[in-house]
Amino acid sequence: MKRLRTLIGIGLGLAIVVGAGWYISQTGNTPAPRQGAGRFGAGTPTPVGIATAAKGEVPVVIRALGTVVPLQTVNVKTQITGQLIKVEFKEGQMVKQGDLLAVVDPRPYDVALQQAIGQQQKDEALLKNAQVDLERYRKLVAQDSIARQQLDTQQSLVRQYEAALVIDQAAVDAAKLNVTYTKIVAPLTGRIGLRTVDPGNYVSMSDATSICIIIQVQPISVLFTIPEDTLPSVRERLKAGAKLEVRVLDRAQKNELGIGRLDTYDNVIDITTGTVKLRAVFDNKDETLFPNQFVNVRLLVDTVKDATVVPVAAIQRGQPGTFVYLVKGDDTVEIRVVELGATDGEKVQIVKGLQPGDQVVIDGTDRLRDGAKIRRPGGGPPRAASGPPIANAPPDSQQGGTGQPQQQQRRRQANGGGGAGGAAAAQPNQ
């Protein structure tokens, strides 16, 4: 029994050795991967997107965040004391300057006006009587019939009545003004807000709340801030008489809300933020701008004409500084250091380093180095910088999606190119 176990163990060992030898003989024809061969192997051109530098215009635009602010905001209050008996406006409506908004009970002020008029008429009668006596006294003094002192006293009395009439006229005017104040009218043209006081309430000038609030919405302004470094260019343009265009977009920067002009700038710089406030004015005829609305501002300071421009995607930054990958005639790239000028967010001015007609890489730069070989997108001609960037198809799609055809080609080349050559290369292993 022990001998049988020994024979079985020897047999299993021999079987394992024979199986391992057979496996090694079958897999010996598969070449090992070459060191350094990645997705794009050594010497394989890198697919890139290309654009051509061209002549064009570059708008110098300052981007900022702003808030819609009315040019005028008025808290409508009463100028007298009394009971509010009428409210003539509807909440949210547009009102014109001079429109009737509310009425305060006018009866006490009508009575006060009549009293002032009565006092004025009384003093007028007294003045006339004093003036008649004054003329009589003058004749008597001329005849030496009365003392001179009596004439002087009468002249003083006439002057007192004349002064009383001046006071009476002022009282009448004040009473008329109070009667006018019983009708509260709109002080400006604008949109009225919600009513804060209902009819029947007692109102006075000392009330903390107003009857309503009117906001001017046509025209309307936008307040925004810019860095102090950009202020000199704006001031120079304004001093030259230029009317700087301002565009505002919504919060998502998708819809344009209005086009206006820069009106003025603040007289101080905020030392905590290093910015200065500017005000732009908009007609707002369609009322797309709403008070306290948050907007994105685009201030057009100037336009650089006849400039050499490329897409912003072509600009790289690294150890050489600011540079681009310049495409050469032999389908290789060269690092070219450039000097940038104005930019509008999509294209940038090249002040130094490129000429119109030069081709630069705008896609696939992360896989490039100086002198690397490239493959042009689709074999077609590159587009100019003023058009949309030329994007190259993804590397996976150019290799069938998985990279398997390239791996199979490499395997056939390693086995002798496939066919008869491949069979001949496999003979020594058989």
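The values are calculated or read from the model by the stated rules, or taken from the named source; none is laboratory data. What you see is a predicted model, and the numbers here were worked out from it, not measured in a lab. With ideal geometry, Cβ positions are generated from the backbone for all residues, glycine too; neighbour counts draw on all protein chains shown.
Step by step: first the residues of region 327-338, then only those that are in a strand (DSSP E or B) and among the aliphatic types (A, V, I, L, M), then the one that is farthest from residue 362 (Cα to Cα). Which residue is that?
Per the stated criteria, the residue is 337.
Can you say whether residue 247 is in contact with a strand residue (DSSP E or B) (Cβ under 6 Å, 6 or more places away or on another chain), buried (at least 18 other Cβ atoms within 10 Å of the Cβ) and not aliphatic (A, V, I, L, M), as far as the supplied structure shows?
For residue 247, the condition - in contact with a strand residue (DSSP E or B) (Cβ under 6 Å, 6 or more places away or on another chain), buried (at least 18 other Cβ atoms within 10 Å of the Cβ) and not aliphatic (A, V, I, L, M) - is met.
When both residues are 6+ apart or on different chains and their Cβ atoms are under 6 Å apart, which pairs have a first residue that lies in region 192-220 and is under 30 Å from residue 263 (Cα atoms), and a second that is among the hydroxyl-bearing types (Ser, Thr, Tyr) and not in a loop (DSSP other than H, G, I, E, B)?
What qualifies is 215/73.
For region 280-322, enumerate the residues that are among the charged types (D, E, K, R), under 25 Å from residue 230 (Cα atoms) and in contact (Cβ under 8 Å) with a residue 60 or more places away in the chain.
Those that are among the charged types (D, E, K, R), under 25 Å from residue 230 (Cα atoms) and in contact (Cβ under 8 Å) with a residue 60 or more places away in the chain: 298, 302, 305, 306.
Hey, residue 103 hits all of (1) at pLDDT 95 or above; (2) not in a strand (DSSP E or B) but one; which does it fall short on?
For residue 103, the failing item is (2).
Among residues belonging to region 120-152 that are aliphatic (A, V, I, L, M) and assigned to a loop (DSSP other than H, G, I, E, B), point out the one that is surrounded by the fewest Cβ atoms within 10 Å (Cβ to Cβ).
147
Suppose the filter is over 29 Å from the mean Cα position of the chain (by Cα) and either surrounded by fewer than 17 Cβ atoms within 10 Å (Cβ to Cβ) or under 28 Å from residue 72 (Cα atoms) (or both); does residue 329 pass it?
For residue 329, the condition - over 29 Å from the mean Cα position of the chain (by Cα) and either surrounded by fewer than 17 Cβ atoms within 10 Å (Cβ to Cβ) or under 28 Å from residue 72 (Cα atoms) (or both) - is met.
Which ones in region 287-331 are touching a helix residue (DSSP H, G or I) at 6+ places or on another chain (Cβ under 8 Å), β-branched (Val, Ile, Thr) and within 30 Å of residue 71 (Cβ to Cβ)?
The one that is touching a helix residue (DSSP H, G or I) at 6+ places or on another chain (Cβ under 8 Å), β-branched (Val, Ile, Thr) and within 30 Å of residue 71 (Cβ to Cβ): 301.
Residue 69 versus (1) surrounded by 13 or more Cβ atoms within 10 Å (Cβ to Cβ); (2) modelled with pLDDT of 95 or more; (3) more than 48 Å from the chain's Cα centre (by Cα): which is the lone unmet condition?
(3)
Tell me which strands (runs of 3 or more DSSP E) are completely within region 187-292 and hold 3 or more residues being of a type in the set (S, T, N, Q), or say none if there are none.
Those strands (runs of 3 or more DSSP E) do not exist here; none qualify.
If I filter region 72-94 down to residues being in a strand (DSSP E or B) and of a type in the set (A, V, I, L, M, F, W, C), which single residue comes out as surrounded by the most Cβ atoms within 10 Å (Cβ to Cβ)?
76
Look through 313, 307 and report the one residue that is within 30 Å of residue 372 (Cβ to Cβ), of a type in the set (Gly, Ala, Ser) and assigned to a helix (DSSP H, G or I).
Every option except 313 fails the conditions.
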